[in-house]
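Enquirer: Input: one structure, supplied below.
The values are calculated or read from the model by the stated rules, or taken from the named source; none is laboratory data. Everything numeric here is computed off the predicted structure, so don't read it as measured data. Cβ coordinates were reconstructed from backbone atoms using ideal geometry, including for glycine residues, and neighbour counts include every protein chain displayed. We work out accessible area using only protein heavy atoms, side chains counted, and drop any ligands, DNA or RNA first. Shrake-Rupley method; radii C 1.70, N 1.55, O 1.52, S 1.80 Å.
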Amino acid sequence: MARKPQNPQPVDALLTPRYGSIPTFMRLPHITALRKLDIALVGVPWDGGTTNRAGARHGPREIRNMSSFMRKVHHVSRIAPYELARVADIGDAPCNPIDLADSLTRIERFFTRIHAQGVVPLSAGGDHLATLPILRAIAKGRPLGLIHFDAHSDTNDRYFGDYRYTHGTPFRRAVEEGLIDPRRTVQIGIRGSIYHPDDMAFAHDSGMRVIYMHDFVKLGVEQTIRVARRVIGRGPAYLSFDVDGLDPVFAPGTGTPEIGGLTTREAQELVRGLAGLDLVGGDVVEVAPPFDPSGGTALVGATFMFEILCLLADAVARRRDKAGRSR
């Protein structure tokens, strides 16, 4: 007689149609008792940091819908995340759509509670500023390495005079606040026109490894993976995936599209190449469904969320095994 799985499991699409049941990330149970989990899937339905085309606030809901296409086992790595870790959808982080500062506080407080329980967060945004309060919650006292997929460095300083908090500034603020170690930060896919010739100066001067898209074309997937792994090393790291790192042919539903980006296949290979790193959290951001009624960009978001989930579940299992051996 088969043993009943002890970890939370997705609704089985062989028994219940994908379009049935309440939509949750990966069709997992909605569980709010953090003590029962190793990994929490979280929506951050907020785009208060957007400077032009809003709409990423609707990302989590559509990513949940499209995540019904995800199954239980990764077809390449054979990682079965729900066997390795206890995973569930814990709902959405609270936010205030008319008050940016209050939203940053609310989001940080929510993720602080997750982190205090030893649970690893995997989030769906939301614009990229949402990553800053998440890092504030999980990186206090230990700057993290950062693997950052994006068309933009997000290390600008100020917008509209003296405004320091937008989706173009989170990683500059994160360095200034000691949340990430710029010498253990790699940015992949950077491209597009800039405001000033020195826009990238902070990223370079602080020690970040910036792999521009034209660099990636020369390096290729395998060499880029080697560079990224060398930069991150063995310490704890966070993975942030902005869908505008992809060419808009593959992800048109985003606020700041830039042509000439990664293909979905290249990006999948890059993410898979990070297996074995000590990942302690991740997010997929800037899915803006109003700009892609087909739902294709939300499917991209859901798929990369699953890709990252497999890495996180493997990392959780590795840390658990290591702790068991050290006893």
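Enquirer: Considering only the stretch 212-242, state which residues are touching a Ser or Thr at 6+ places or on another chain (Cβ under 6 Å) and more than 16 Å from R272 (Cα to Cα).
Expert: Hit for the stretch 212-242 is F216, nothing else.
Enquirer: So, one more: Search the stretch 130-182 for residues being of a type in the set (A, V, I, L, M, F, W, C), touching a strand residue (DSSP E or B) at 6+ places or on another chain (Cβ under 6 Å) and in a helix (DSSP H, G or I), and hand back the single one that is surrounded by the fewest Cβ atoms within 10 Å (Cβ to Cβ).
Expert: V175
Enquirer: With (1) in contact (Cβ under 8 Å) with a residue 60 or more places away in the chain; (2) open to solvent by less than 30 Å² (accessible area, probe 1.4 Å); (3) in a loop (DSSP other than H, G, I, E, B) as the list, and G20 as the residue in question, which single condition is left unmet?
Expert: All conditions pass for G20, except number (1).
Enquirer: Yes or no: the stretch 9-20 includes at least one residue that is of a type in the set (S, T, Y) and closer than 27 Å to T105 by Cβ.
Expert: Checking the stretch 9-20: not a single residue is of a type in the set (S, T, Y) and closer than 27 Å to T105 by Cβ.
Enquirer: Restricting the stretch 243-269 to residues that are touching a Ser or Thr at 6+ places or on another chain (Cβ under 8 Å) and among the acidic types (D, E), which is farthest from H167 (Cα to Cα)?
Expert: Here the answer is D247.
Enquirer: Additional query: Which residues, counting only those in the stretch 59-100, are free of Cβ contacts under 8 Å to residues at least 60 places away in the same chain, open to solvent by 60 Å² or more (accessible area, probe 1.4 Å) and hydrophobic (A, V, I, L, M, F, W, C)?
Expert: Correct list: V73, I98.
Enquirer: Taking the stated definitions as given, is T256 of a type in the set (S, T, Y) and open to solvent by 40 Å² or more (accessible area, probe 1.4 Å)?
Expert: Yes, satisfied.
Enquirer: Moving to a separate point now. Take the stretch 223-237 and flag every residue that is over 15 Å from I180 (Cα atoms), open to solvent by 40 Å² or more (accessible area, probe 1.4 Å) and not polar (S, T, N, Q).
Expert: Of everything in the stretch 223-237, those that are over 15 Å from I180 (Cα atoms), open to solvent by 40 Å² or more (accessible area, probe 1.4 Å) and not polar (S, T, N, Q) turn out to be R226, R229, R230.
Enquirer: Within the stretch 192-215, how many residues turn out to be in contact (Cβ under 8 Å) with a residue 12 or more places away in the chain and on the phi < 0 side of the Ramachandran plot?
Expert: Within the stretch 192-215, residues that are in contact (Cβ under 8 Å) with a residue 12 or more places away in the chain and on the phi < 0 side of the Ramachandran plot number 13.
Enquirer: Determine which single condition L14 fails, assuming it passes every other condition in (1) touching a helix residue (DSSP H, G or I) at 6+ places or on another chain (Cβ under 7 Å); (2) surrounded by fewer than 18 Cβ atoms within 10 Å (Cβ to Cβ); (3) aliphatic (A, V, I, L, M).
Expert: Among (1) touching a helix residue (DSSP H, G or I) at 6+ places or on another chain (Cβ under 7 Å); (2) surrounded by fewer than 18 Cβ atoms within 10 Å (Cβ to Cβ); (3) aliphatic (A, V, I, L, M), the lone unmet condition for L14 is (1).
Enquirer: Residues T297, T264, T303, T254: which one is at negative phi, at pLDDT 95 or above and in contact with a Phe, Trp or Tyr (Cβ under 6 Å, 6 or more places away or on another chain)?
Expert: Exactly one residue qualifies, and that residue is T264.
Enquirer: Answer yes or no: is there a residue in the stretch 110-120 that is open to solvent by 10 Å² or more (accessible area, probe 1.4 Å), within 12 Å of V44 (Cβ to Cβ) and either free of Cβ contacts under 8 Å to residues at least 40 places away in the same chain or not in a loop (DSSP other than H, G, I, E, B) (or both).
Expert: yes
Enquirer: From the residues in the stretch 193-222 that are in contact with a Pro (Cβ under 9 Å, 6 or more places away or on another chain) and of a type in the set (G, A, S), which one is least open to solvent (accessible area, probe 1.4 Å)?
Expert: A203
Enquirer: Condition first: in a loop (DSSP other than H, G, I, E, B) and open to solvent by less than 30 Å² (accessible area, probe 1.4 Å). Now tell me which residues in the stretch 39-58 satisfy that.
Expert: W46, D47, G49, G55
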